[in-house]
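The values are calculated or read from the model by the stated rules, or taken from the named source; none is laboratory data. As the structure is a computational prediction, the values presented were derived from the model and not from experiment. Note that each Cβ is placed from the backbone with ideal geometry, even for glycine, and that neighbours are counted across all protein chains shown.
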Amino acid sequence: MIKWLSTLNDKMPNRLKSMLLFLGLWWFLSLFMSPNVLPSPLATVTAFLNNDASEVLFHVRMTMQRIGMGFFFAMLLGLVLGTMMGVSRVLETWLDMWVMIVLSTPGLVFVVLSFIWFGMNEFATVVAISIASFPSIAINVWQGVKAVDGKLIDMAKVFGISPRMRLKKVILPQIYPYFMASARACLGISWKLTALVELLGRSNGVGYQLNYWFQLYEMDQVIAWTGLFLIIVLSIELFIMNPLEKRLFAWRPEVRI
Amino acid sequence: MRKSLIKIRGLRKSFSQSSGCLTAIENVQLDIYEKEFVCILGPSGCGKSTLLNILARLDSQYEGSVEVGGAPLEETKLRMAYVFQEPRLLPWLTLKQNLHFVTDSLKIDKESIDTRIGSNLALVGLKGFENSYPYQLSGGMQQRAAIARALCIDPEILLMDEPFSGLDEITARSLRKELTRIWQETGKAVVFVTHNWYEASYLADRILVMKDRPGHIIKEVPVLIDRPRSYEDPRVFEFSSLLVKDFLSLIGGEESTEENMPREVANS
């Protein structure tokens, strides 16, 4: 029995172990609390499965759409501004202050302003999400562009490599790590903000559902929708970001500290 | 009459600084002939790298005339390759891909590129490491790869900027030996910048000695030791000692240049 447990322990990935430990802890705590405060994991899943599947899918799709659009425009804005700031000292001094200001302004401010100026619609939603999430990208790309190794560019020039190939093979690979870091940060901010926007001014989406069930004081649903959100975000990380990173950075030595 | 590959006349280069104008090199004349191994030798800051960067077309702001292969530098048809002080390999590419990076823009067919890359890696002793990434290799091996990269564009002129100064003495020694072998096998003209007097005496057919403020060539000496030379050859040692002594008497001072002498000379 003990031997069986220890082989199981060896075979199971740490991530799974920590997940199971968390579920165990949740279940244990729920034993001592009212289901209105902390329902058990099983009760939560059951409550969630009682929802209409097509409706769940609809809300998830709306949320994903908003995150996707916001993320896309934030990336666009951040990449352009970050590159400009990295390349030109003049533009850097013109822009850096504003990027910092936007970075430290609470996302809520942009949500409220956007709703007032553009009305409570999808356009305003995407504007608010993009504006609030672009600074983290701009800052990362800005630093990435500044850190580009001029010695490697000189090498490429000496060997007569065309500007297009220099960009593709020398400059971009140096910026990818910064780009990945900024994409992660941006994704984190944009989904948090999407939930906030949906809670404040949309009539669908995961954020809206969270608020709805909170008003009804149905804790199992609140937790279930949160869990759903977490699963989606984790899937993006595990099935998109991680493989992409592995592919891009296969050449890097493993870091041992 | 040997064919002249590089012809420089009245070359001057100055950098504008906040405190005024700094003249890096002034009135440099030199000729480099085909198949010749020339060392440009001098203490740090004498403008030897500036000179090499102009030749490599990294720096186009200069006065004077620079002709390569009978045409102005900007229009030359001759290929020049560069080996830097550091390997400067692209870390995200394998050795083979690093070599492809510089050859793929050449107008030759894919098959002969592949053969050329294979034979050049073999020439520097890196056969079997085609698919290794630079970080998996030692500094000496990386520098070998950089030499292979330079050779595989089949340059008429090979420019080298202190390529062995970042390596330990044993590795540097074996690479110097190999470089002379490769040079004799391939017959390229080599312009080799160094601050190491012994290295220059061992490698060169001809040494151009430079002095700073502003950088200019103060002496030109042929090295008449027959090849193949041995690194421990007393004639090389004697030659470099004389060269250092001569340099010191020319600039009229003993004290400031001690650090620029190769260790072998300093210890004797």
Complete set of residues in the stretch B:208-223 that are in contact with a Cys (Cβ under 8 Å, 6 or more places away or on another chain) and crowded, with 19+ Cβ neighbours inside 10 Å
B:Leu208, B:Met210, B:Gly215
Could you please find all residues in the stretch B:70-89 being touching a residue at least 24 places away in the same chain (Cβ under 8 Å) and surrounded by 20 or more Cβ atoms within 10 Å (Cβ to Cβ)?
B:Met80, B:Ala81, B:Tyr82, B:Val83, B:Phe84, B:Pro87, B:Arg88, B:Leu89
Looking only at residues that are surrounded by fewer than 21 Cβ atoms within 10 Å (Cβ to Cβ) and not acidic (Asp, Glu) in the stretch B:56-65, which one is nearest to the other protein chains (Cβ to nearest Cβ)?
B:Leu58
Report, by residue number, each residue of the stretch B:193-235 that is under 16 Å from B:Leu248 (Cβ atoms) and assigned to a strand (DSSP E or B).
B:Ile207, B:Val209, B:Met210, B:Lys211, B:Ile218, B:Lys219, B:Val221
Among the residues listed as B:Ser4, B:Ser19, the single one being at pLDDT below 80 and farther than 24 Å from B:Arg176 by Cα
B:Ser19
Check every one of the helices (runs of 4 or more DSSP H) wholly within the stretch A:164-257 and list those with 2 or more residues that are within 14 Å of chain B (Cβ to nearest Cβ).
A:172-201, A:242-248
Spans of helices (runs of 4 or more DSSP H) in the stretch A:1-109 with at least 1 residues over 30 Å from A:Glu218 (Cβ atoms), under 28 Å from the mean Cα position of the chain (by Cα) and among the hydroxyl-bearing types (Ser, Thr, Tyr):
A:53-87, A:89-104
Within the stretch A:210-224, how many residues are without any contact (Cβ under 8 Å) to a residue 24 or more places away in the chain and more than 16 Å from A:Val56 (Cα to Cα)?
3
So is B:Leu95 facing another protein chain (nearest Cβ under 10 Å), touching a residue at least 40 places away in the same chain (Cβ under 8 Å) and either of a type in the set (Ser, Thr, Tyr) or surrounded by 20 or more Cβ atoms within 10 Å (Cβ to Cβ) (or both) or not?
no
Which residues, taken from the stretch B:73-96, are in contact with a Gly (Cβ under 8 Å, 6 or more places away or on another chain), of a type outside the set (D, E, K, R) and over 16 Å from B:Gln142 (Cα atoms)?
B:Thr76, B:Leu78
Please verify whether the stretch A:108-119 includes one or more residues that are farther than 21 Å from A:Asn211 by Cα, in contact with a Pro (Cβ under 8 Å, 6 or more places away or on another chain) and either surrounded by fewer than 16 Cβ atoms within 10 Å (Cβ to Cβ) or of a type outside the set (Lys, Arg) (or both).
no
Among the residues that make up the stretch B:148-160, is at least one of them more than 24 Å from A:Ala156 (Cα to Cα), out of contact with any Cys (no Cβ under 9 Å at 6 or more places or on another chain) and not acidic (Asp, Glu)?
no
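Matching residues to (1) in contact with a Pro (Cβ under 9 Å, 6 or more places away or on another chain); (2) part of a loop (DSSP other than H, G, I, E, B):
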| site | (1), (2) |
| --- | --- |
| B:Ile108 | no, yes |
| B:Ile113 | no, no |
| B:Arg116 | no, no |
| B:Leu121 | no, no |
| B:Asn131 | no, yes |
| B:Ala146 | yes, no |
| B:Asp154 | no, yes |
| B:Glu178 | no, no |
| B:Gln184 | yes, no |
For the stretch A:202-224, indicate whether the set of residues that are among the basic types (Lys, Arg) and exposed (fewer than 15 other Cβ atoms within 10 Å of the Cβ) is non-empty.
no
So, B:Val83, is that one at negative phi, in contact with a Lys or Arg (Cβ under 6 Å, 6 or more places away or on another chain) and modelled with pLDDT of 85 or more or not?
no
Return only the number of the condition from (1) loosely packed, with under 15 Cβ neighbours inside 10 Å; (2) in contact (Cβ under 8 Å) with a residue 40 or more places away in the chain; (3) more than 17 Å from A:Trp225 (Cβ to Cβ) that A:Asn36 does not satisfy.
(3)
In the stretch A:146-160, which residue that is β-branched (Val, Ile, Thr) and surrounded by fewer than 20 Cβ atoms within 10 Å (Cβ to Cβ) is nearest to the other protein chains (Cβ to nearest Cβ)?
A:Ile153
Just to be sure before I move on: is B:Met160 part of a strand (DSSP E or B), in contact with a helix residue (DSSP H, G or I) (Cβ under 9 Å, 6 or more places away or on another chain) and either of a type in the set (Gly, Ala, Ser) or more than 14 Å from chain A (Cβ to nearest Cβ) (or both) in the structure I sent?
no
